[in-house]
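Trainee: The structure follows.
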Amino acid sequence: MKKLFLILMTMIAFVSQAQEQKSAPQISISGEGKISVKPDLVILNFGIENTGNDAMEVKKNNDQTVDKVLKYIKNLGVSIADFQTINVSLNRNYDYDKKKYFYQASQSITINLKDISKYDSLMLGLVDNGINNISNVEFKSSKIEEYKSEARKLAIKDAKHKAEDYVFVLNQKIGKAILINDTSQTYFPRPMYKSTMLASMADVSAPNETLASGEIDVTANVSVTFILE
């Protein structure tokens, strides 16, 4: 009986506190935290494609190019654990203009390049060894979780600072936070479309540096509700 009484009193106290907070003056403010960091790794997705009238010949030609590409990647010093084949296909297609069938062989490979200083030589070497399809280049940071945490802290500080500005002219102060909503998203730049990238590297007059990695913006957005005192 005593246990039931204590539970009932606890529930009443909780409901009363919730009602008191709900009826108390409040202010809801959004805050943003932003950190710009230099990427220290890059993920590359690329492929090799060959077409022709004979399935075995098309596959053979594609396999030979893949072999050259994989050997080049190894010779560049990329760890075996940091690259892999993600798709292999051999398809029979129909050319409606020429009114005949043809075969297309393709293989897609992804590389997790942890030494970003090798980016330019890697990209140029891949093209020289026969790749003809770059589907994605994504710059990232190996410390992204640390930067996200720091951005969240900055977002909360930003929200608190804004709230203090608003209530200062009212001769009030902000109390404790009673609600926090996190709507954060992290943007990783994808600097160049594959067709532009391939055209740039195919041009012998192009400069040695094929792409600037820039910076990654790690952003946190929050909405905070404070009680006014």
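Trainee: Under 9 Å between Cβ atoms, at least 6 apart or on separate chains: pull out the pairs that start in segment 23-43 with a residue that is within 26 Å of LEU113 (Cβ to Cβ) and of a type in the set (A, V, I, L, M) and end on any residue that is open to solvent by 70 Å² or more (accessible area, probe 1.4 Å) and outside any strand (DSSP E or B).
Mentor: Once the first residue is within 26 Å of LEU113 (Cβ to Cβ) and of a type in the set (A, V, I, L, M) and sits in segment 23-43, its partners that are open to solvent by 70 Å² or more (accessible area, probe 1.4 Å) and outside any strand (DSSP E or B) give ILE35/GLU150; VAL37/LYS143; VAL37/GLU215; LEU41/LYS114; LEU41/SER142; VAL42/LYS114.
Trainee: Sticking with this one: Within segment 74-118, which residues are surrounded by fewer than 16 Cβ atoms within 10 Å (Cβ to Cβ), in contact with a Phe, Trp or Tyr (Cβ under 8 Å, 6 or more places away or on another chain) and among the hydroxyl-bearing types (Ser, Thr, Tyr)?
Mentor: Once the filter is applied, which keeps residues that are surrounded by fewer than 16 Cβ atoms within 10 Å (Cβ to Cβ), in contact with a Phe, Trp or Tyr (Cβ under 8 Å, 6 or more places away or on another chain) and among the hydroxyl-bearing types (Ser, Thr, Tyr), segment 74-118 yields TYR94, TYR101.
Trainee: Taking segment 77-108 as the search range and keeping residues that are out of contact with any Gly (no Cβ under 7 Å at 6 or more places or on another chain) and hydrophobic (A, V, I, L, M, F, W, C), which one is nearest to ASN61 (Cα to Cα)?
Mentor: ALA105
Trainee: While we're on this one: Does ASP128 count as within 30 Å of ALA55 (Cα to Cα) and of a type in the set (Asp, Glu)?
Mentor: Values: within 30 Å of ALA55 (Cα to Cα): yes; of a type in the set (Asp, Glu): yes.
Spelling it out, ASP128 is indeed within 30 Å of ALA55 (Cα to Cα) and of a type in the set (Asp, Glu).
Trainee: Scan (1) modelled with pLDDT under 95; (2) closer than 23 Å to LYS34 by Cβ; (3) under 32 Å from the mean Cα position of the chain (by Cα) for the single condition ALA155 breaks and write down its number.
Mentor: Going through the list (1) modelled with pLDDT under 95; (2) closer than 23 Å to LYS34 by Cβ; (3) under 32 Å from the mean Cα position of the chain (by Cα), ALA155 breaks only (1).
Trainee: Given the criteria exposed (fewer than 12 other Cβ atoms within 10 Å of the Cβ), without any contact (Cβ under 8 Å) to a residue 24 or more places away in the chain and basic (Lys, Arg), does LYS71 qualify?
Mentor: Here the answer is yes, as LYS71 does meet what is asked.
Trainee: Then there is this: How many residues are of a type outside the set (S, T, N, Q) and either more than 30 Å from SER141 (Cα to Cα) or open to solvent by 70 Å² or more (accessible area, probe 1.4 Å) (or both) if we restrict to segment 42-66?
Mentor: 10
Trainee: Restricting attention to segment 119-141, which residues are free of Cβ contacts under 8 Å to residues at least 60 places away in the same chain and open to solvent by 30 Å² or more (accessible area, probe 1.4 Å)?
Mentor: Across segment 119-141, the qualifying residues are SER121, ASP128.
Trainee: Taking the criterion of being more than 23 Å from the chain's Cα centre (by Cα) and among the hydrophobic types (A, V, I, L, M, F, W, C), would at least one residue in segment 106-122 satisfy it?
Mentor: no
The values are calculated or read from the model by the stated rules, or taken from the named source; none is laboratory data. Everything quoted here is computed from the prediction, not taken from an experiment. Note that we place each Cβ from the backbone using ideal geometry, even for glycine, and neighbour counts take in every protein chain shown. For the accessible areas, the whole protein counts, side chains as well, though only heavy atoms, and no ligand, DNA or RNA atoms are used. Shrake-Rupley method; radii C 1.70, N 1.55, O 1.52, S 1.80 Å.
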